[in-house]
Amino acid sequence: MRRIDSFQEKQDTTLFIGPGNTLKQTFLARADGLAGIRLAVYNPKLGGTSKYKLTLSNEANQIIWQDYILEANLGWAEEFRYDFEAVPESENKLFSLKVSYAEENDNSESDREVLSLVNSYNLEEASIPKESGDISSLVQKNYLSLGYGRGDNYADGAAFLEGRQLKGDLVFKTFYKTTLSTFIKDSGVQFFSRIRQDVSFFTFYFIMLFSLICLLVRFKMLRGK
Amino acid sequence: MYHRGRLAIIMGQMTFILLLGLIIRIIIATFTINWDFLRITQITLNFPSGGLFEIYRDPLSLYPVLTYWTRYALIWLAKPFLSPSFWQWNKSGDLAIISDVYIFRNLFFLKLPFILIEIATAYIFSSLLSKNKSKLFLLAWMINPIALYTITAFTNVDVFPIFFMALSLYFLNKKRSLSASFFLGVASAYKFFPLLGFPFLIFSLKKSGQKIYHTLIFLLPFIGSQIPALALPQYWKNSLTAPANRVILAATVNIGNNKVLILFVIVYFLLFFQYLVEMQKIRRVNLYLFLALSSLLAISAFNVQWAYWLLPLILYYQIYFVKEKVVIYLLYLAYFGIILLSQAALNIGMLSPIAPTLWTMENPLLRLTGKDVILLINICYSLFAAAIIYMSYRIYQEKNREIFQNEED
């Protein structure tokens, strides 16, 4: 059973992964048993055969696991779900997820430039000259892109493009593995902690509910008479 | 004296039932959320920044203008009690909204008007029955799982058209057909389905002049409320002609040469012809309105929240055909079967204010059922349709008189 740990949902744009355009997101695990990641993925080549490499590393940059995904396994626009063996003692540790293009092709060099330009444009750092508009849209149809939020919406980590730290973060969710009893216990603890943080509302709410129930009982007694 | 005492007892019992309903609803509403409610609220929050243009830019803005205006008015009324974070709902992600510490406060104050309108609707319908039945009807509504699911938990916007439809029936009952036409026009301005009752209402009038006058009164709110948006191409694309609104026309019979017969159109006109013939002996506008709605639900892949349209009819059957419990049990079984076998957002995900992780969960039942889930859902839809058709037939045949018409003890 998996329970949500951290997330960053805001999305303003997408960033492409291709030759020379590797994306990385760092995040802090808030619970033991980190066991799943979800990303907002846009795949223009449905049924395609190109591979992308996913790598999860710890703070010391040691690889925890590495895997390949095929375009054929991805939809047009979907939340890509990747569950893995739980990482023990992950609580309060920093991890990084890297997604890179795992193929070489004849156009790699030119595509690298175009993709970098498109990514810079999507990051609002550059503009695309009119004459290269067609080329850029052609290249965009060949590579995967990930959802990205330009603002710093996730304080415990950052996104990186080719090692360069960006202002924003990728759209992601992380999950940890748990048992049913811990799932219920953790949910209950968080629920009551949230209730306690809106004291004024819940004071009003319970007084109102209590008054209504008293009124109901009074009506029932009157009916009895 | 005796009558006054009896009336006081009945009023006391009615208040007791309404209070019970209110308490149940307040408890459920504060801790449940639905994707539709969240999205409609987010779309409505775009209204102050760009008016109707900003609303209908969103491809999910399916509803007519009055629905968004009403939603915005209710949000504005709740403004003093909502958290500051609420005003960022249209810029935030779902999980951020749901895991916000003020979600319960926001849900309570946003849903309270829906609850009160629904209770008022139940009261109006119950007031159209005899004193004995009205109490039973109200109690059955207050604890009804379809009502609790579709309005309290789901916060279905259909609560507005059904309320005005109830008002329309109420005035029709009072022999104030002009008011009835007006409120049916208001109901249709919220969502188009009450429009199906309009031909029955108009043809119940004898004189041509009356028919024209009533039509104009009906069109006043129906067209009038839409005028500000009619010039927006997005309104036509995303709302008026949206494919999601045409699901009722999906059931067809192939007649060759790329031609099909649309089942709903056939059934609706059969009902209409029967109504015209029968009208010589008895006018049953209310009954035929509900028959049209039940045929709509019986032959379309209806959205689960639409079951609320038929709730008055279902409860009517429950109250008057007490011995036919099996039909009712199977109807509820089929309905909640559809819900339980659907995506998590329609069942376990609605409890996500309590545990936000439920928003991201997959429905565990879907793993158990595997590919058979489609077959199981289809069986549930078929069973629901059978129960609805049978109930409608029984009410039509056995009572042989108008429904929801003031009955004397």
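Of the residues B:F104, B:F81, B:F109, B:F164, the single one that is outside the structural domain of B:T41 (by TED's automatic domain parsing), of a type outside the set (A, V, I, L, M) and modelled with pLDDT of 95 or more is B:F164.
Picking from residues in segment A:59-69 that are exposed (fewer than 15 other Cβ atoms within 10 Å of the Cβ) and not small (G, A, S), the one that is nearest to A:Y154 (Cα to Cα) is A:E59. For the condition under 15 Å from B:V304 (Cβ atoms) and surrounded by fewer than 21 Cβ atoms within 10 Å (Cβ to Cβ), B:N144 qualifies. Of the residues making up segment B:231-250, those that are assigned to a helix (DSSP H, G or I) and either of a type in the set (V, I, T) or surrounded by 13 or more Cβ atoms within 10 Å (Cβ to Cβ) (or both) are B:Q234, B:Y235, B:W236, B:K237, B:N238, B:S239, B:L240, B:N245, B:V247, B:I248, B:L249.
Inspect segment B:306-317 for any residue being touching an Asp or Glu at 6+ places or on another chain (Cβ under 6 Å) and either at pLDDT below 95 or more than 30 Å from A:I184 (Cα to Cα) (or both) and give the result as yes or no.
Yes; the residues of segment B:306-317 include at least one that is touching an Asp or Glu at 6+ places or on another chain (Cβ under 6 Å) and either at pLDDT below 95 or more than 30 Å from A:I184 (Cα to Cα) (or both).
Any residue at all in segment B:268-286 that is modelled with pLDDT under 95, under 26 Å from B:I115 (Cβ atoms), surrounded by 13 or more Cβ atoms within 10 Å (Cβ to Cβ) and of a type outside the set (F, W, Y)? Looking through segment B:268-286, at least one residue is modelled with pLDDT under 95, under 26 Å from B:I115 (Cβ atoms), surrounded by 13 or more Cβ atoms within 10 Å (Cβ to Cβ) and of a type outside the set (F, W, Y). Could you please let me know if B:T67 is away from chain A (no Cβ under 14 Å), out of contact with any Asp or Glu (no Cβ under 9 Å at 6 or more places or on another chain), touching a residue at least 60 places away in the same chain (Cβ under 8 Å) and closer than 26 Å to B:Y149 by Cβ? So B:T67 passes the test. Would it be correct to say that A:S110 is surrounded by 13 or more Cβ atoms within 10 Å (Cβ to Cβ), polar (S, T, N, Q) and within 23 Å of A:P19 (Cα to Cα)? In short, no. Looking at segment B:350-400, which of the residues that are assigned to a helix (DSSP H, G or I) and within 13 Å of chain A (Cβ to nearest Cβ) is surrounded by the fewest Cβ atoms within 10 Å (Cβ to Cβ)? Among them, the one singled out is B:R367. Looking only at residues of segment B:83-107 that are within 11 Å of chain A (Cβ to nearest Cβ), surrounded by 18 or more Cβ atoms within 10 Å (Cβ to Cβ) and touching a Leu at 6+ places or on another chain (Cβ under 9 Å), we find that the one that is nearest to B:A187 (Cα to Cα) is B:N106.
Per-residue answers, yes or no, for (1) outside any strand (DSSP E or B); (2) at pLDDT 95 or above:
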site: A:R3; (1), (2): no, no
site: A:T26; (1), (2): no, yes
site: A:D32; (1), (2): yes, no
site: A:K45; (1), (2): yes, no
site: A:T49; (1), (2): yes, no
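Where helices (runs of 4 or more DSSP H) sit wholly within segment A:118-224, those with at least 2 residues that are within 11 Å of chain B (Cβ to nearest Cβ) and without any contact (Cβ under 8 Å) to a residue 24 or more places away in the chain occupy A:180-196, A:199-224. For the condition surrounded by fewer than 18 Cβ atoms within 10 Å (Cβ to Cβ), in contact with a helix residue (DSSP H, G or I) (Cβ under 9 Å, 6 or more places away or on another chain) and over 21 Å from B:L136 (Cβ atoms), B:L340 qualifies. Scanning segment B:108-118 for residues that are over 20 Å from the mean Cα position of the chain (by Cα) and more than 8 Å from chain A (Cβ to nearest Cβ) gives a single hit, B:F109.
The values are calculated or read from the model by the stated rules, or taken from the named source; none is laboratory data. As the structure is a computational prediction, the values presented were derived from the model and not from experiment. Quick reminder, even Gly has a Cβ in these numbers, built from the backbone with ideal geometry, and neighbours come from all protein chains shown.
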